[in-house]
Amino acid sequence: MALQISEAELERIVRSVLSELTGNGQVKAGSGGAVVNGQSRTVDEAVDAAAVAFEQLSACSLEDRKRFIEAIRATGMKNKELLAKMAHEETHLGRYEHKIAKNETACKLTPGVEILEPRAFTGDHGLTVHDWAPFGVVAAITPVTNPSSVILNNAICMMAAGNATVVNAHPSAKVCSMKTIELITQAVVAAGGPDNVMTGVLEPTIDTGTALMTHRKVDLVVATGGVAVVRAALRSGKRVVAAGPGNPPVVVDETADMPKAAKCVFEGASFDNNILCVGEKAVVCTEAAMRPFMVEMRKLAVYELSASELDALMKQIVLTDGTRPRMNGKFVGRNASVLLESIGVRGREDVYLLICQVPQDHQLLFLEQMMPVLPITTAPAVNAAIDLAVEIEQGFRHSAMMHSRDLAALSRMAKLIDATLFVKNGSSLAGLGVGGEGYTAFTIGTATGEGMTTARTFVRERRCALVDYFRIV
Ligand code: NAD
């Protein structure tokens with residue numbers, strides 16, 4: 001049915017939009033009604049305010065977007081300690097200094113509008129250009145493990161793509177998440193942009209998350225979290241980018257640079273107490289690599305659990321009262337010293353990572369533990385080690401690492417594990433661009449296959465064909 005609209009009505013709408021803009025194309029702050037600085041009591045208000053912001057953002061130029069992105073980066077950097085402190089105090093997960101590093105990485109290494117390179121085809125029939133248009137309002141479901149860094153990363157990507165975003169944060173990280181949103185919106189407004197380019201629900205729950213993902217004004221759902229939220233997002237009926245869980249294994253063979261391999265595994269598995277989804281969760285050494293690898297690991301800030309200590313720890317950290325074993329939330333993301341205290345080993349604040357040698361079928365190899373406790377097992381030779389790593393990864397297609405100088409073995413593992421991030425001879429952090437090349441992402445599209453998300457993930461493709469002219473050679 002054609003939309004019937006009178007000239008007077010059209011003029012009223014245009015005037016109302018123009019009245020939101022100042023003379024120089026900049027947008028007045030506070031134009032989202034009840035929602036200011038992105039803070040909203042209800043999903044509807046949050047979405048409505050973001051929808052208004054999207055319209056206003058659409059009237060801004062690419063240069064404006066670049067300026068707004070610089071403002072987001074700057075406020076993230078200025079407040080990286082504050083946001084890390086708030087996240088650490090609210091969630092009790094990870095380590096303060098590592099949360100600062102994550103905020104810094106999100107601000108510095110998330111690509112902006114430069115990633116949206118147009119594509120062109122020229123030929124006898126003229127010139128065709130592919131360009132990238134925003135989706136509109138994006139629903140972002142964010143995790144407790146990286147609250148401010150995911151939001152900063154998502155905010156830069158969405159702004160570069162020209163979208164407005166509504167966040168449903170993890171309930172256990174709502175305060176630091178809403179503070180991040182407030183700082184982002186204030187920075188964009190101060191740079192002359194619309195208010196509420198990012199909004200969030202002050203009291204997020206699973207229900208508000210579901211209401212947001214299925215809201216009629218939401219055009220795209222971006223879910224970062226575990227299996228349950230991935231499933232919920234896929235049920236939303238919208239286009240979905242699902243950044244789900246993983247269980248990243250590491251293979252170490254006897255050709256590896258052993259001191260480097262141990263250092264990298266330690267760095268990745270101990271970083272933020274191993275709550276990063278990419279972090280090393282299990283190691284498979286070849287029999288020939290096991291002894292030299294353990295020699296190097298023991299030189300680092302680790303505590304090697306005996307078999308009986310591991311048994312005692314498993315009783316603390318794994319809950320078996322449900323249909324399937326799961327990690328005890330009380331210990332997720334806690335320091336290694338807290339895990340040790342639970343089995344009666346006190347005063348080891350110097351320890352950053354617990355290590356333990358386990359048989360190939362040990363439960364801990366197959367659980368995404370999100371704790372600084374790293375199971376290490378052996379396989380007879382490199383092919384068997386790779387095959388076991390594939391089993392440990394369980395088809396999440398998330399991340400995997402390998403330390404080897406055997407090119408054929410490295411290639412075999414890359415092919416078989418088919419992970420979104422595969423790091424060779426480096427720590428998992430290198431896959432995020434820290435100590436490796438390339439940009440960063442804190443939302444890694446695993447279940448739906450987008451990989452390291454950027455603005456390029458959050459746009460619609462548009463083709464414009466000019467026929468028979470404009471080929472200039
Ligand atoms: P989580 O799944 O408990 O929560 C993530 C978000 O989803 C939260 O906002 C939560 O409220 C929401 N949620 C959970 N179940 C839901 C449901 N049924 N309906 C609607 N919303 C729901 O995960 P977490 O503990 O916050 O984060 C850790 C998990 O996230 C790990 O499994 C980790 O591997 C994964 N993760 C993945 C990536 C990635 O980029 N692939 C990044 C970070 C974390």
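The values are calculated or read from the model by the stated rules, or taken from the named source; none is laboratory data. These numbers were taken from a predicted model, which means no experiment stands behind them. Ideal geometry is used to build each Cβ from the backbone, glycine not excepted, and the neighbour counts take in all protein chains shown. We work out accessible area using only protein heavy atoms, side chains counted, and drop any ligands, DNA or RNA first. Shrake-Rupley method; radii C 1.70, N 1.55, O 1.52, S 1.80 Å.
Among residues other than residue 217 with Cβ under 12 Å from its Cβ, the summed charge is -3 (Lys and Arg +1, Asp and Glu -1). Probing with 1.4 Å while keeping every protein chain in the model, the per residue accessible area of the chain equals 43 Å².
Here is the size of the range 272-330 from its Cα atoms: Rg then Dmax, 14.4, 40 Å. Surface composition of the range 406-473: carbon and sulfur atoms hold 54% of the protein heavy-atom accessible area at a 1.4 Å probe. The string of couplings for the range 189-202 from the Karplus curve (6.51, -1.76, 1.60, θ = phi - 60°) is 4, 5, 8, x, x, x, 6, 6, 5, 9, 10, x, 8, 4 Hz, one whole number per residue in order, with x for Gly and Pro.
Applying the criteria of a DSSP loop state and at most 13 other Cβ atoms within 10 Å to the trypsin sites (Lys or Arg not before Pro) of the range 306-376 yields 330, 346.
For every other residue with a beta carbon closer than 15 angstrom to the beta carbon of residue 82, add +1 if it is Lys or Arg and -1 if Asp or Glu, then tell me the sum. Show your work: numbers first, answer last.
Details: positive: 78, 80, 85, 99, 102, 179; negative: 81, 89, 90, 97, 104, 182.
Combined, the nearby Lys, Arg, Asp and Glu give 0.
Among residues other than residue 380 with Cβ under 13 Å from its Cβ, the summed charge is -4 (Lys and Arg +1, Asp and Glu -1). Go from 0 up to the bin containing the longest alpha carbon distance in the range 415-473, width 5 Å each, and give me the % of pairs per bin. That works out to 4, 14, 18, 17, 12, 8, 7, 8, 8, 4, 0, in percent per bin. Taking only protein heavy atoms and a 1.4 Å probe, the accessible area of the range 225-368 is 51% carbon and sulfur. Residues whose amide H lies under 5 Å from that of residue 466, counting only those 5 or more places away or on a different chain, are 127, 128, 129; hydrogens are built 1.01 Å from N in the peptide plane. With Cα atoms as the point set, the radius of gyration and Dmax of the chain evaluate to 24.3, 82 Å. The antiparallel fraction among DSSP beta bridges confined to the chain stands at about 35%.
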